[in-house]
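S.K.: Please see the structure below; I have some questions.
The values are calculated or read from the model by the stated rules, or taken from the named source; none is laboratory data. Note that this is a predicted model, so its numbers are computed, not measured. Counting neighbours? That spans all protein chains shown, and the Cβs are built from the backbone with ideal geometry, glycine included. For the accessible areas, the whole protein counts, side chains as well, though only heavy atoms, and no ligand, DNA or RNA atoms are used. Shrake-Rupley method; radii C 1.70, N 1.55, O 1.52, S 1.80 Å.
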Amino acid sequence: MDQENLTKDQRKALKLQRKFEKEQGRLKKFNPQDTDFSQNPSNILCVRFGNKYSIAYVEKLRNMIERNITVPYKLYCLMDDPTPINGVQLIIQKNAGYAKGWWHKVHMFDPSLPLSGRILYVDLDVVICNSINKLVQISGNTFMGIRDFNRKFHRDWKYLNSSVMSWVHGTQNHIYNQFIGNPQAAMRMHGDQDWTWKCAKDRIKFWPESWIQSYKWEIRDRSELQVINGVRQFTTIRNDISVPNDCSICVFHGSPDPEIVQDKFVIDNWQ
């Protein structure tokens, strides 16, 4: 990559990515507990409670994962709906009746879940467009999350977006235990990612920024969004969308959701 043509922010992101890759290389070389993927499939987890997202979202996520991974894995869905989904192992929990359903994401850190080893969590409203092998092959006990997409507008922004996270099951129990101990106090915060950040900001490391991108802010531009007939959407349909070569996942935080966007890139990949 020609660094002379990069902006200051791009050089900083590249430096952080190289630092991350160097650290991961060191862990893979020296950590005797590295995952043996031939014996221990990767755990990939999604969460679906209530009716905000249909089962079709889980099915499309399953399909995108299958097309973009080459190591053994198991896909789990933590949900309140016992309807079987082919290729997905369901973990059923009763709906807790939270006023805002996204608080169920905190239950990912429930130590009683029938999981072990490293977990890659992925939101339902994402588009997977390239290999996610590197996302499931994180070494050590590192807790990974996205540096919040306000990074687009604030160079030194340090906050969590929880759309794609990775941790070792059992290492972040306090996020769940403290929440369950006093959920009303926790829910004074805006949402699950604020709570997760509060509980774990001293240990979370951020993914290299080119790996996971905001579709509406980094792939496209928020100036292209407008509320049309009560729905926030892009004012144009584009067939020329491209993403960085090492971008694995495009996140649709907020609105619009992938089903609304008619760009060729989204239609080709979200299926």
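S.K.: Please identify the chymotrypsin sites (Phe, Trp or Tyr not before Pro) of segment 172-207 that satisfy two criteria: DSSP loop assignment and at most 10 other Cβ atoms within 10 Å. Which are they? Walk me through the numbers on the way to the answer.
M.R.: Values: sites: TYR176, PHE179, TRP195, TRP197, PHE206; in loops: none.
Qualifying residues, ordered by number: none.
S.K.: To the nearest 0.05, how large is the calculated FRET efficiency for ILE92 and GLU66 if R₀ is 25 Å and r is the Cβ-Cβ distance?
M.R.: Values: r = 23 Å, r/R0 = 0.91.
The formula returns an efficiency of 0.65 here.
S.K.: Can I ask one more? Measure off 7 Å from each Cα along the Cα-to-Cβ vector at ASP246 and ASN229, then give the distance between these two points in nanometres to one decimal.
M.R.: Inter-label distance under the simple model: 4.2 nm.
S.K.: Let me ask you something else. Rolling a 1.4 angstrom probe over the protein heavy atoms, how many square angstrom per residue are accessible across the chain?
M.R.: Working: 13670 Å² over 271 residues.
It amounts to 50 Å² per residue over the chain.
S.K.: A follow-up question, please. Which residue fluctuates the most in the chain, going by a Gaussian network model with Cα springs under 10 Å, if the choices are GLY230, GLY117, GLY101?
M.R.: GLY230
S.K.: When the Kirkwood radius is taken over all Cα pairs of segment 182-232, what Stokes-Einstein diffusion coefficient follows at 25 °C and 0.890 mPa s, in µm²/s?
M.R.: Numbers: Rh = 14.2 Å.
For the chosen part, D equals 173 µm²/s.
S.K.: Determine the shape class of the chain: with a ≥ b ≥ c the square roots of the Cα gyration tensor eigenvalues, call it rounded for a/c under 1.5, and otherwise prolate if a/b is greater than b/c, oblate otherwise. Don't skip to the end; give the middle numbers.
M.R.: On the way: a/c = 1.33, a/b = 1.08, b/c = 1.23.
Rounded, since a/c falls under 1.5.
S.K.: How much of the accessible area of the chain, probe 1.4 Å, is carbon plus sulfur, in whole percent? Mind showing how you got there, number by number?
M.R.: Numbers: 6460 of 13670 Å².
The nonpolar share, carbon plus sulfur, comes to 47 percent.
S.K.: Between LYS158 and GLN271, what FRET efficiency follows from the Cβ-Cβ distance if R0 is 41 Å, with the result rounded to 0.05? It would help to have the intermediate numbers written out before the result.
M.R.: Numbers: r = 35 Å, r/R0 = 0.86.
Using R0 = 41 Å, I get an efficiency of 0.70.
S.K.: Using a/c under 1.5 as the rounded threshold, could you call segment 118-201 rounded, prolate or oblate? The axes a ≥ b ≥ c are square roots of the C-alpha gyration tensor eigenvalues, and prolate needs a/b larger than b/c, oblate otherwise.
M.R.: Values: a/c = 1.86, a/b = 1.24, b/c = 1.50.
It is oblate, given that a/c is not under 1.5 and a/b is not larger than b/c.
S.K.: Turning to a different aspect of this structure: Please list the three semi-axes, largest first and in whole Å, of the ellipsoid equivalent to segment 38-183, using sqrt of 5 times the eigenvalues of its alpha carbon gyration tensor.
M.R.: Numbers: eigenvalues 87, 87, 59 Å².
Values for segment 38-183, descending: 21, 21, 17 Å.
S.K.: Give a residue-ordered list of calculated ³J(HN,Hα) values for segment 223-239 (Karplus: 6.51 cos²θ - 1.76 cosθ + 1.60, θ = phi - 60°; whole Hz; x for Gly, Pro).
M.R.: Calculated HN-Hα couplings, in order: 5, 8, 9, 7, 7, 10, 6, x, 10, 6, 7, 6, 6, 10, 9, 10, 10 Hz.
S.K.: Only four residue types carry charge here, +1 at the Cβ of Lys and Arg and -1 at the Cβ of Asp and Glu. Report the dipole size of segment 152-260 about the Cα centre in Debye, rounded to the nearest 20. Don't skip to the answer; put the middle values down first.
M.R.: On the way: 13 positive and 12 negative charges, 72 e Å.
The calculated dipole for segment 152-260 is roughly 340 debye.
S.K.: Based on the alpha-carbon gyration tensor of segment 168-259 and its eigenvalue square roots a ≥ b ≥ c, which shape applies: rounded if a/c is under 1.5, prolate if not and a/b is larger than b/c, or oblate? Before the final figure, lay out each step's value.
M.R.: Numbers: a/c = 3.54, a/b = 1.68, b/c = 2.11.
Verdict is oblate for segment 168-259.
S.K.: Also: From Cα coordinates alone, what are the radius of gyration and Dmax values for segment 65-107 in angstrom?
M.R.: 13.0, 39
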